[in-house]
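The structure under discussion appears below in the form of structure tokens.
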Amino acid sequence: MKPNKPIIISVTIPVHNTAEYLPKCLDSLLAQTYPHWEVVCVDDGSSDGSLDILQSYAARDKRFKVYHQDAQGVSAARNTALMHSTGDFITSLDSDDYIHPELYEKAVSLITPEVDLVCYGIQCVDVDGKNLPDHDGYYEMGYEGTHDFRAEMTERINVCIWSKLWRKSIIDEQNIQFPVGLVHEDDALFYMYAPFVRKAAFMQEVGYYYVQRNGSIMHSGRKTIADAEQYLGILRYVQQFYQAHGIDVLHGGYFLRQFGRVYHLVERYCPPSQSYELASMFRELASETGLDSAHAGDQRLRCLYLPGKLARFFVRRRSDMTQYRLGPFPIASRRYKNGRFTGWRFDAWHALRTLMRRCFPSR
């Protein structure tokens with residue numbers, strides 16, 4: 001039974017030099033059909049007039065709260081927003097994105113006393129609002145309706161803070177904080193929060209419009225090894241949180257899945273010259289935590305042990321496949337998903353078909 005008191009949503013917005021996009025973001029909040037929300041905006045040392053825009057909206061609508069701090073990074077801004085949020089559920093809205101006018105009304109309708117997480121659909125768009133394809137399927141959800149939450153469900157849900165409603169009491173009671181000085185802070189929140197979720201509700205309808213622009217943090221062209229070091233910092237941050245809260249890092253299921261997910265993300269874009277360094281970095285953490293011995297047969301960990309120089313002439317190993325080859329020519333591969341075997345693929349045929357298409361393009 002739903003409470004008589006309306007559910008208050010705290011929308012946190014970290015802001016740093018996004019004056020060009022900020023009005024559209026804030027106007028999408030004012031257009032919400034659900035009125036019971038507050039917006040906690042944290043200006044993180046902007047120099048382009050973003051703070052003036054925030055203050056103008058706060059003057060128009062008392063639901064907007066504005067805080068300013070010297071530039072400390074997005075995690076510090078999110079922590080400041082958490083500290084000043086008073087709602088029953090919390091979410092985030094990046095200052096260059098925007099949301100559907102009925103998003104919060106529909107999302108709140110899915111909340112019951114046992115629902116601790118509400119996930120909704122995402123549409124990638126360009127700066128002009130044109131829909132963009134989700135080539136990797138990262139933002140697709142594998143569920144709909146309300147379900148008991150389990151560790152394996154994290155394999156079919158993105159980690160983005162802004163595509164979900166999170167129960168604020170869990171964040172407060174467990175003292176969940178974002179890791180200052182590290183990017184990929186969404187990863188930290190998701191896997192620290194996940195073990196405490198009783199039920200999750202899923203809404204396939206698009207509620208969030210994720211603007212793809214060249215100057216954003218996620219499209220800033222970091223080098224693979226530097227990015228991997230950030231991810232390793234996030235993994236260690238979550239590991240320490242689990243240990244402090246008595247959560248079994250080895251057998252709880254969440255840490256293994258996070259480990260495999262983030263390694264797969266950086267591995268896909270890793271040039272061959274960095275493969276061994278990358279695998280070595282993650283292998284060290286797997287050994288420290290005991291993952292490599294507890295889950296030795298899992299492809300998410302076997303892929304860290306790359307073949308030697310001669311063996312590489314015949315075998316290529318990655319987190320999503322073990323490919324058998326003859327020098328540069330692929331023959332066949334065993335395919336994996338989330339560490340589990342999914343079938344064989346005849347790569348020689350795929351390579352031949354690609355070559356034929358390039359040599360004889362259709363007219």
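The values are calculated or read from the model by the stated rules, or taken from the named source; none is laboratory data. These figures come from a predicted structure and were not determined experimentally. Because the Cβ atoms are built from the backbone with ideal geometry, glycine has one as well, and the counts that use them run over all protein chains shown. Surface areas here come from the heavy atoms of the whole protein model, side chains and all, with no ligands, DNA or RNA. Shrake-Rupley method; radii C 1.70, N 1.55, O 1.52, S 1.80 Å.
If you take the residues in segment 266-284 that are under 24 Å from PRO328 (Cβ atoms) and of a type in the set (Phe, Trp, Tyr), which one is most open to solvent (accessible area, probe 1.4 Å)? Among those residues, the one meeting the criterion is TYR269.
Here the condition is being open to solvent by less than 50 Å² (accessible area, probe 1.4 Å) and assigned to a strand (DSSP E or B); of TYR104, TYR120, it holds for TYR120 alone. Annotation: PHE196 fulfils all but one of (1) surrounded by fewer than 21 Cβ atoms within 10 Å (Cβ to Cβ); (2) of a type in the set (A, V, I, L, M, F, W, C); (3) within 17 Å of the chain's Cα centre (by Cα); the unmet one is (3). When the helices (runs of 4 or more DSSP H) confined to segment 1-98 are screened for residues that are surrounded by fewer than 22 Cβ atoms within 10 Å (Cβ to Cβ), without any contact (Cβ under 8 Å) to a residue 40 or more places away in the chain and not hydrophobic (A, V, I, L, M, F, W, C), those reaching at least 3 such residues are found at 50-60.
Matching residues to (1) open to solvent by 40 Å² or more (accessible area, probe 1.4 Å); (2) under 24 Å from the mean Cα position of the chain (by Cα); (3) among the aliphatic types (A, V, I, L, M):
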site: ASP298; (1), (2), (3): no, yes, no
site: CYS303; (1), (2), (3): no, yes, no
site: MET321; (1), (2), (3): no, yes, yes
site: PHE341; (1), (2), (3): yes, no, no
site: ASP347; (1), (2), (3): no, no, no
site: LEU352; (1), (2), (3): yes, no, yes
site: MET356; (1), (2), (3): yes, no, yes
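Here segment 323-363 is the region considered, the condition is being assigned to a helix (DSSP H, G or I) and touching a strand residue (DSSP E or B) at 6+ places or on another chain (Cβ under 6 Å), and the residue that is nearest to GLY260 (Cα to Cα) is ASP347. Close contacts from segment 192-206, counting a first residue that is farther than 18 Å from GLU155 by Cβ and a second that is assigned to a helix (DSSP H, G or I) and open to solvent by 50 Å² or more (accessible area, probe 1.4 Å), with Cβ to Cβ under 7 Å and a gap of 6+ residues or different chains, come to MET203/LYS106; GLU205/LYS106. Just one of the listed residues (GLU140, GLU152, GLU173, GLU185) is open to solvent by 50 Å² or more (accessible area, probe 1.4 Å), touching a helix residue (DSSP H, G or I) at 6+ places or on another chain (Cβ under 9 Å) and closer than 28 Å to PRO101 by Cβ, and it is GLU140. Against the numbered list (1) modelled with pLDDT under 95; (2) under 28 Å from the mean Cα position of the chain (by Cα), LEU310 comes up short only at (2). Residue-level check: of (1) within 19 Å of LEU93 (Cβ to Cβ); (2) modelled with pLDDT of 95 or more, TYR191 misses just (1).
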